[in-house]
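K.L.:
Handing you this structure, nothing more for now.
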Amino acid sequence: MSPELVSRKPYDRRVDTWAVGALTYILMTGRPPFPGSTEEQRNSNIKKNNPDYSKLVGISKVAQDFIRKCLNSDIQKRPHIDEMLKHPWIEKIEEMDLSQEVQLDIAKNICSF
């Protein structure tokens, strides 16, 4: 859930950008970006904009940039969908033929989540 939703503040479509960032993080790491053993702890980390970026080690810098931009706590600085689609990582993915190994890694991350 985005900081706006957790804090019950006004929001716009960029809450969906946040969700894409969180899902991308999960697909890449198999872990949630905002850890906590309780919903209260996770929500506190979301409000503090305290994602666990240490889990992104080994992920390309351009993919990390995409995730960081999507998870920006300032909704005004978070990209709109058209900006996300122009991000270099997304454009690179469109050109890639994902190996079976990469697809299996993603599937394992989904299962471990």
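Please treat every number below as a calculation from the coordinates, not as lab data. If you're wondering where the values come from, they're calculated on a predicted model, not measured in any experiment. Cβ sites come from the backbone with ideal geometry, for glycine too, and all protein chains shown count toward neighbours.
K.L.:
How far apart, in nm, are the 7 Å Cα→Cβ label points at Asn50 and His80?
P.N.:
The modelled label-to-label distance comes out at 3.4 nm.
K.L.:
Of Arg31, Arg78, Arg13, Arg8, how do they rank once you tally other Cβ atoms within 10 Å and put the fewest first?
P.N.:
So the residues, fewest neighbours to most, are Arg8, Arg13, Arg31, Arg78.
K.L.:
What FRET efficiency do you get for Asp12 and Val57 if R0 is 25 Å and r is their Cβ-Cβ distance, rounded to the nearest 0.05?
P.N.:
The pair Asp12/Val57 has a calculated efficiency of 0.15.
K.L.:
Also: Taking a 24 Å limit on the Cα-Cα distance, which of the listed pairs Lys9/Lys55; Lys61/Lys92; Lys47/Lys86; Lys9/Lys86; Lys48/Lys86; Lys48/Lys69 fall beyond it?
P.N.:
Lys9/Lys55; Lys47/Lys86; Lys9/Lys86; Lys48/Lys86, as the Cα separations exceed 24 Å there.
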